[in-house]
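Written out below as structure tokens is the structure these notes cover.
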Amino acid sequence: MKKWGFLMFLLIGLIACAKPAPTPEDRVKYLGSRIRCPICRGVPIADSPSALAAEMMEVVRQQVEAGKSDDEILRFFEDRYGEWVLLEPKPEGLNLAIWILPGLVLVGGGIGIAVRLKKQRT
């Protein structure tokens, strides 16, 4: 009996964690949120009011409908506009510092605080 209870608990947990497959429009919105608008600069094309951003969203929509992967679509825009068009830089080269530096600052700050507190106690 305990075995069936455990299996039911596991099955209910799996069902609760299951996510529906993303629709093509969900993918278009997701990709549009990762591509920078060339006119608005700091705004993703999904949120930009510019005509160019609307055209870029239409290109994303067409490529999603054509069955291209997310990486292929992002690479398409990167090839045409350069790496700056990606709102999330790739963690390689100089961009690696952007990914690592916040963690190093946090760890360094924690160590600095710990050392200072230890000195104050003695």
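The values are calculated or read from the model by the stated rules, or taken from the named source; none is laboratory data. Note that the structure is predicted; figures quoted are calculated from it, not measured. So basically every Cβ, Gly included, is an ideal-geometry build from the backbone, and we count neighbours across all protein chains shown.
Residues in the range 63-106 that are over 15 Å from VAL28 (Cβ atoms) and among the β-branched types (Val, Ile, Thr): VAL85, ILE98, ILE100, VAL105.
Annotation note: Cβ proximity below 9 Å between a residue of the range 45-64 that is over 17 Å from LEU87 (Cα atoms) and a residue that is aromatic (Phe, Trp, Tyr) and surrounded by 17 or more Cβ atoms within 10 Å (Cβ to Cβ) (sequence gap 6+ or interchain) occurs for VAL59/PHE77.
Taken as a whole, the condition of being modelled with pLDDT of 90 or more and charged (D, E, K, R) applies to GLU78.
Being under 19 Å from the mean Cα position of the chain (by Cα) and not β-branched (Val, Ile, Thr) is not true of ARG121.
Assess whether SER69 counts as being out of contact with any strand residue (DSSP E or B) (no Cβ under 9 Å at 6 or more places or on another chain) and at pLDDT 90 or above. So SER69 fits the description; yes.
Just one of the numbered conditions (1) among the charged types (D, E, K, R); (2) more than 20 Å from THR23 (Cα to Cα); (3) surrounded by 11 or more Cβ atoms within 10 Å (Cβ to Cβ) is not true of GLU92: (3).
Does ARG61 qualify as being modelled with pLDDT of 75 or more, surrounded by 15 or more Cβ atoms within 10 Å (Cβ to Cβ) and out of contact with any Gly (no Cβ under 8 Å at 6 or more places or on another chain)? For ARG61, the condition - modelled with pLDDT of 75 or more, surrounded by 15 or more Cβ atoms within 10 Å (Cβ to Cβ) and out of contact with any Gly (no Cβ under 8 Å at 6 or more places or on another chain) - is met.
Among what's in the range 73-88 and is surrounded by fewer than 12 Cβ atoms within 10 Å (Cβ to Cβ) and not charged (D, E, K, R), pick the residue that is farthest from GLN62 (Cα to Cα). This residue is TRP84.
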